[in-house]
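S.K.: For reference, the structure I am asking about is given below.
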Amino acid sequence: MGARILVAEDDEMQARLIRIYLEREGNEVQVVPDGRSAIDRARVARPDLIVLDVMMPHVDGLDVCRILRAESQVPILLLTARTTEEDMLLGLDLGADDYMTKPYSPRELTTRVRALLRRAKAASGREETTVLRIDGLEIDLARYVVRVAGGEVALTAKEFAILGLLAGEPGRVFTRSQIIDRVFGFDQNVMERTVDAHVMNLRRKLARTDDTVPYVETVYGRGYRLTERTGEAR
């Protein structure tokens, strides 16, 4: 069964092309031409995934991403003509799960959409009793909730997936390639930098004022791991 996908794109030709490729995958696709319509439609239709252009009239894609991320964990794929690293980091920091620069391949877009949907489905299908606790860090895999020292932390779908992967085996070092394979589901040369950006945001969100050692550690030349602190899993 296909997914319900909302596409927010003010370029009619681009929107039509995206719709054609996503509908070929069996998805139900709705298209809106501006940011205000994207917010309204997302709130009513509750899509499984949003493809969101950054440069749109009325409300730009970055503001749409920020607003919708505060309301739900729906996977968001940003599309933009901006190509700087700062733009990519800003989009991810505001809650996007993936980021593509124009011009892009429609086939690559559908591949990334499939990966985002697959990971979101896997995360929502975990056992309800699965809660990981590691020294003040609590990860409820079923309810998609993370708490640090009792306070809830808002993570994007990708940040949550990375944290869940690392927390499943505390102390184990996961290479960027392994994170890409298990969390993103496809391999692109640019993706190692994207992993770094997600981990940077994740580390910042999990930080406590009394921390001397971050929960997510960098093992230089190898990858990332969740620090081995006193904890339990149930």
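Each row is one residue, and each column tells you yes or no for (1) within 17 Å of residue 102 (Cβ to Cβ); (2) modelled with pLDDT of 90 or more.
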site	(1), (2)
2	no, no
13	yes, yes
16	yes, yes
19	yes, yes
30	no, yes
37	no, yes
45	no, no
58	no, no
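S.K.: Can I ask one more? Please give the number of the condition residue 63 fails out of (1) at pLDDT below 90; (2) part of a helix (DSSP H, G or I); (3) charged (D, E, K, R).
M.R.: That leaves (1) as the condition not met.
S.K.: Could we say that residue 104 is of a type in the set (Phe, Trp, Tyr) and within 26 Å of residue 44 (Cα to Cα) here?
M.R.: Taking the combined requirement at face value, the residue does not satisfy it.
S.K.: Quick one: which of 172, 203 is modelled with pLDDT of 80 or more and part of a loop (DSSP other than H, G, I, E, B)?
M.R.: On inspection, the qualifying residue turns out to be 172.
S.K.: Between a first residue in the stretch 14-27 that is closer than 11 Å to residue 79 by Cβ and a second residue that is in a loop (DSSP other than H, G, I, E, B), which pairs have beta carbons less than 6 Å apart while being 6 or more apart in sequence or on different chains?
M.R.: Correct list of pairs: 15/9.
S.K.: Still on this structure: From 37, 105, grab the single residue that is surrounded by fewer than 15 Cβ atoms within 10 Å (Cβ to Cβ) and of a type in the set (S, T, N, Q).
M.R.: Checking each option against the conditions leaves just 105.
S.K.: Let me ask something else. Conditions: (1) under 30 Å from residue 14 (Cβ atoms); (2) modelled with pLDDT of 85 or more; (3) part of a helix (DSSP H, G or I). Residue 166 meets all but one. Number of the miss?
M.R.: Status for residue 166: all satisfied but (1).
The values are calculated or read from the model by the stated rules, or taken from the named source; none is laboratory data. The structure presented is a predicted model; accordingly, all values stated were derived computationally and were not measured. Note: ideal-geometry Cβ built from the backbone for every residue, glycine included; neighbour counts use all protein chains shown.
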